[in-house]
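Worksheet: one structure, shown below.
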Amino acid sequence: MGDFLAMGGYARFVWPAYGVAAIVLLGLLGHALWAWRRASAALKDEGKR
Amino acid sequence: MQRFANPNKFMKLSGPPLPWIGGAAALFILGGLGLALFAAPPDYQQGEAVKIMYVHVPAAWLASLVYAVVAGASAVGLIWRHPLAHIAAESAAPLGAGFTLICLVSGSLWGEPMWGTWWVWDARLTSVLVLFFLYLGFIALSRAFDDRTRGSRAAAVLALVGVINLPIIKFSVDWWNTLHQPASVFRIGGPTIAAPLLWPLLVTAVGFLLFFVALLLLRMRTALAEAKLRALRFGGG
């Protein structure tokens, strides 16, 4: 496990690269889901009036 | 084409497949990167630093591909006034900017141990940085006008001008002396990269592509819902 995390001495380059990819992709996903829920909830509200 | 021009039809057709595309995207990305981290052998020159490639290369492919989608949709919007075209372009652009950012940062993290520098102003790196700024310019311009149609058209023109950058990115490694290595997958004569390293790369790339399609559809649905909302509130209808 320690060997795996060490990435042959390149840990401080490999893991940040994967981390940035995860942050950007999850950020895009989170924002898109939040905006969709907000818009469809507002649309439902508007329909009730 | 006209059959899909109807926003109501788009809403009906795009809803059901969306969770499946999203689920497949998660499966392919986790599977591809899992193979990359646990199964793929270290490179004989790069050692384990080659693991960065599995994030960097699919992100780079998507960065260019999404720009082609943005430019194509912009052209359709300008020429045929297709009602969904500008919405598609504007929904795709932030996703393309995200892939470009992943490409730039992961490339920089690979460059430091392999080249001895985080950044060089050579043709490949500079043209990808220009791509990132084209995305940001497109996003800013599309939101810069009170009249949404004017903003969409101005941004669409910028997207079309920026298309010139795509062949520059692709062929920069052949046309100029650059630190960046030449193409090793999409090249005449087939890939030069060994199969155990190639497979995780392709699976991750398919995952990134599915992720893009799923989020593009979701963002377009959101934009259409917001447009409907504006029409209900301010359209007097």
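The table that follows gives values for the structure above.
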quantity	calculated
Test result for B:A60, under 15 Å from B:F212 (Cα atoms), within 14 Å of chain A (Cβ to nearest Cβ) and out of contact with any Lys or Arg (no Cβ under 8 Å at 6 or more places or on another chain)	yes
Scan of region B:105-139 for residues that are charged (D, E, K, R) and surrounded by fewer than 18 Cβ atoms within 10 Å (Cβ to Cβ), ordered by number	B:E112, B:D122
Residue count, region B:149-183 (criterion: buried (at least 16 other Cβ atoms within 10 Å of the Cβ) and either within 28 Å of B:W115 (Cβ to Cβ) or under 18 Å from the mean Cα position of the chain (by Cα) (or both))	14
Candidate set: region B:9-33, residues that are more than 13 Å from chain A (Cβ to nearest Cβ) and in a helix (DSSP H, G or I); chosen: the one nearest to B:W115 (Cα to Cα)	B:G31
Single match in B:T100, B:T117, B:T178, B:T126 (criterion: modelled with pLDDT under 95, within 14 Å of chain A (Cβ to nearest Cβ) and closer than 27 Å to A:Y18 by Cα)	B:T117
Set B:A36, B:A97, B:A40: member being in a helix (DSSP H, G or I) and touching a residue at least 60 places away in the same chain (Cβ under 8 Å)	B:A36
Failed item in (1) in contact (Cβ under 8 Å) with a residue 12 or more places away in the chain; (2) assigned to a loop (DSSP other than H, G, I, E, B); (3) exposed (fewer than 15 other Cβ atoms within 10 Å of the Cβ), with B:F186 passing the rest	(1)
Among (1) away from every other protein chain (no Cβ under 14 Å); (2) surrounded by 19 or more Cβ atoms within 10 Å (Cβ to Cβ), the one test that B:L216 misses	(1)
Filter result for the condition that a residue is facing another protein chain (nearest Cβ under 8 Å), under 20 Å from the mean Cα position of the chain (by Cα) and surrounded by 11 or more Cβ atoms within 10 Å (Cβ to Cβ), over A:A35, A:A42	A:A35
In region A:1-17, the residues that are buried (at least 19 other Cβ atoms within 10 Å of the Cβ) and in a helix (DSSP H, G or I)	A:M7, A:F13, A:V14, A:A17
Residue within region B:110-126 that is within 23 Å of A:L25 (Cα to Cα), of a type in the set (S, T, N, Q) and assigned to a helix (DSSP H, G or I) present	no
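Conditions tested, residue by residue: (1) more than 30 Å from A:G9 (Cβ to Cβ); (2) charged (D, E, K, R); (3) at pLDDT below 95; (4) in contact with a strand residue (DSSP E or B) (Cβ under 7 Å, 6 or more places away or on another chain).
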| residue | (1), (2), (3), (4) |
| --- | --- |
| B:D122 | no, yes, yes, no |
| B:F133 | yes, no, no, no |
| B:L136 | yes, no, no, no |
| B:A159 | yes, no, no, no |
| B:I164 | yes, no, yes, no |
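The values are calculated or read from the model by the stated rules, or taken from the named source; none is laboratory data. What you see is a predicted model, and the numbers here were worked out from it, not measured in a lab. Backbone-built Cβ (ideal geometry, glycine too); neighbour counts: all protein chains shown.
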